Amino acid sequence: MNIEFVRLPDVDKRDIIELMNHPLTARHMPLLKLPFTEEDYHAFIARKEQLWAEHGCGPWGFLIDGQFAGWGGLQPEDGNVDVAMVLHPNYWGYGKALLERILEYGFENLGLESVTIMLPLSRQSDRTMARLGFQFEEQVELDSKPFRRYRLDARRWRR
């Protein structure tokens, strides 16, 4: 399996639009407004590229064996650096491998002390998150939608 991280503008926009409109993906994205149009795509890319310009981190497009699998990375959120990951359902089994690469970048390249992940309530993941080293922190609201925030400290990573 060959995993590549590329900047989002380098991914075919049709692939990103299809992913965002996929019903199984959208089910776990309560902040996503459907349909996700070409206009939404351009605004999305501009926002994500602005993160790179302002913070030195942001989301990538994930290619697995040359095929677009999804997007994700590190992005500022509510005073934290949050891990975002949106995968096409055909690639849901690849999340752990992608997460390891994202964490390695954050902890080793950026020197982060911790990262968070915010999951919608549709994702019941306490045990999975614990196996990955994340600890439940609190329930929060984003745009009036409930999320569960988990945190991984750099000291606990890879232990």
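The values are calculated or read from the model by the stated rules, or taken from the named source; none is laboratory data. Just so it is clear, the model here is predicted, and its values are computed rather than measured. Please note: Cβ atoms are built from the backbone with ideal geometry, for glycine as well, and neighbour counts cover all protein chains shown. The accessibility values were calculated without ligands, DNA or RNA, using every heavy atom of the protein model including side chains. Shrake-Rupley method; radii C 1.70, N 1.55, O 1.52, S 1.80 Å.
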Lone unmet requirement of (1) assigned to a helix (DSSP H, G or I); (2) open to solvent by 50 Å² or more (accessible area, probe 1.4 Å) for Leu31 = (1)
key: Count of segment 37-48 residues which are within 18 Å of Asp143 (Cα to Cα) and assigned to a loop (DSSP other than H, G, I, E, B)   = 0
ask   = Are any residues in segment 131-153 under 14 Å from Asn80 (Cα atoms) and surrounded by fewer than 13 Cβ atoms within 10 Å (Cβ to Cβ), and if so, which ones?
value = Glu138
ask   = Which of the residues that make up segment 1-31 are at pLDDT below 95, within 14 Å of the chain's Cα centre (by Cα) and among the hydrophobic types (A, V, I, L, M, F, W, C)?
value = Ala26, Met29, Leu31
query = List pairs: first in segment 140-156 and in a strand (DSSP E or B), second of a type in the set (S, T, N, Q) and surrounded by 12 or more Cβ atoms within 10 Å (Cβ to Cβ), Cβ under 7 Å, 6+ apart or cross-chain?
reply = Arg149/Thr116; Tyr150/Thr116; Tyr150/Gln135; Arg151/Ser114; Arg151/Thr116; Arg151/Gln135; Leu152/Ser114; Asp153/Ser114
request  = State whether the residues of segment 74-96 include one that is at pLDDT 95 or above, polar (S, T, N, Q) and within 11 Å of the chain's Cα centre (by Cα).
outcome  = yes
ask   = Would it be correct to say that Arg123 is open to solvent by 80 Å² or more (accessible area, probe 1.4 Å) and either over 15 Å from the mean Cα position of the chain (by Cα) or modelled with pLDDT of 95 or more (or both)?
value = no
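Just to be sure, is Gly106 assigned to a loop (DSSP other than H, G, I, E, B) and either of a type in the set (D, E, K, R) or open to solvent by less than 60 Å² (accessible area, probe 1.4 Å) (or both)?
Working: assigned to a loop (DSSP other than H, G, I, E, B): no; either of a type in the set (D, E, K, R) or open to solvent by less than 60 Å² (accessible area, probe 1.4 Å) (or both): yes.
Taking the combined requirement at face value, the residue does not satisfy it.
Each row is one residue, and each column tells you yes or no for (1) open to solvent by less than 70 Å² (accessible area, probe 1.4 Å); (2) under 20 Å from Arg148 (Cβ atoms); (3) among the hydrophobic types (A, V, I, L, M, F, W, C); (4) in a strand (DSSP E or B).
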| site | (1), (2), (3), (4) |
| --- | --- |
| Asp82 | yes, yes, no, yes |
| Met85 | yes, yes, yes, yes |
| Asn90 | no, no, no, no |
| Leu99 | yes, yes, yes, no |
| Ile102 | yes, yes, yes, no |
